[in-house]
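Chemist: I have a structure I would like to understand better, so I am pasting it below and will then ask my questions one at a time.
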Amino acid sequence: QLQFVESGGGLVQPGGSLGLSCEASGFAIRDYSIGWFRQAPGKEREEVACIVSDGGTVYASSVKGRFTISRDNVKTTVYLRLATLLPDDTAIYHCAQVNPIRAITSNKCVPIGDNWGQGTQVTVSS
């Protein structure tokens, strides 16, 4: 399966911003659909956003208008910009390959396989 390394997490105040990076290993990022997911303590992992190979994007309703997903086709990196952060955004953020058909036809970010890395911690607190 595809391998990813997440970075960029940290401690930010409510209303602040943060940028996360998902580094791809062993493949061209432009040829794959990649999504961001998050999991807070005691909660199920949930979708955040994903981007398909043609540049189209999908966002969870809870983050739409606040988060932005993008990619660098030169580098093997997918980014997630988090803005207007809320305490409820506190979670470990992971990236993974997603099903492009589900993203395009159903506006859902569905991970392929169960190849989760360590993720990066985002903590929103004053």
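Chemist: Looking at the range 97-126, which of the residues that are of a type in the set (Gly, Ala, Ser) and farther than 18 Å from residue 63 by Cα is modelled with the highest pLDDT?
Modeler: For the range 97-126, the residue satisfying everything is 119.
Chemist: Filter the range 23-52 down to the residues that are in contact with a Phe, Trp or Tyr (Cβ under 8 Å, 6 or more places away or on another chain) and at pLDDT 95 or above and list them by number.
Modeler: Once the filter is applied, which keeps residues that are in contact with a Phe, Trp or Tyr (Cβ under 8 Å, 6 or more places away or on another chain) and at pLDDT 95 or above, the range 23-52 yields 36, 37, 38, 45, 46, 47, 48, 49, 50.
Chemist: Restricting to the range 24-61, count the residues that are open to solvent by 20 Å² or more (accessible area, probe 1.4 Å) and either out of contact with any helix residue (DSSP H, G or I) (no Cβ under 9 Å at 6 or more places or on another chain) or under 24 Å from residue 105 (Cα atoms) (or both). Can you show your working first?
Modeler: Applying the first criterion (open to solvent by 20 Å² or more (accessible area, probe 1.4 Å)) to the range 24-61 yields 25-28, 30-32, 39-47, 53-57, 59, 61.
Keeping just the survivors that are either out of contact with any helix residue (DSSP H, G or I) (no Cβ under 9 Å at 6 or more places or on another chain) or under 24 Å from residue 105 (Cα atoms) (or both) gives 25-28, 30-32, 39, 41-47, 53-57, 59, 61.
Selection size over the range 24-61: 22.
Chemist: Could you check the range 80-89 and list, in sequence order, the residues that are under 23 Å from residue 23 (Cβ atoms) and either surrounded by fewer than 18 Cβ atoms within 10 Å (Cβ to Cβ) or polar (S, T, N, Q) (or both)? Lay out the reasoning, then the answer.
Modeler: The initial filter retains those residues of the range 80-89 that are under 23 Å from residue 23 (Cβ atoms), namely 80-83, 85, 89.
Those that are under 23 Å from residue 23 (Cβ atoms) and either surrounded by fewer than 18 Cβ atoms within 10 Å (Cβ to Cβ) or polar (S, T, N, Q) (or both): 81, 83.
Chemist: Hey, does the range 78-89 have a residue that's over 18 Å from residue 9 (Cβ atoms) and assigned to a loop (DSSP other than H, G, I, E, B)? Step through it out loud before you land on a result.
Modeler: Kept after step one, since they are over 18 Å from residue 9 (Cβ atoms), are these residues of the range 78-89: none.
No: zero hits.
Chemist: Let me ask something else about it. Please enumerate the residues belonging to the range 93-124 that are open to solvent by less than 40 Å² (accessible area, probe 1.4 Å) and in a helix (DSSP H, G or I).
Modeler: Our first condition is that a residue be open to solvent by less than 40 Å² (accessible area, probe 1.4 Å); within the range 93-124, this holds for 93-96, 98, 103, 109, 117, 119-120, 122, 124.
Passing the criteria: only 103.
Chemist: Would the range 52-72 turn up any residue that is of a type in the set (D, E, K, R), in contact (Cβ under 8 Å) with a residue 60 or more places away in the chain and more than 21 Å from residue 126 (Cα to Cα)?
Modeler: Restricting attention to the range 52-72, the residues satisfying the condition of being of a type in the set (D, E, K, R) are 54, 64, 66, 71-72.
With in contact (Cβ under 8 Å) with a residue 60 or more places away in the chain added as a condition, the list becomes none.
No, the range 52-72 has no match at all.
The values are calculated or read from the model by the stated rules, or taken from the named source; none is laboratory data. Note that the coordinates shown come from a computational prediction; the quantities given were computed from them, not determined experimentally. Glycine also receives a Cβ, built like all others from the backbone with ideal geometry; neighbour counts cover every protein chain displayed. Ligands, DNA and RNA are excluded from the accessible area calculation, which covers all protein heavy atoms including side chains. Shrake-Rupley method; radii C 1.70, N 1.55, O 1.52, S 1.80 Å.
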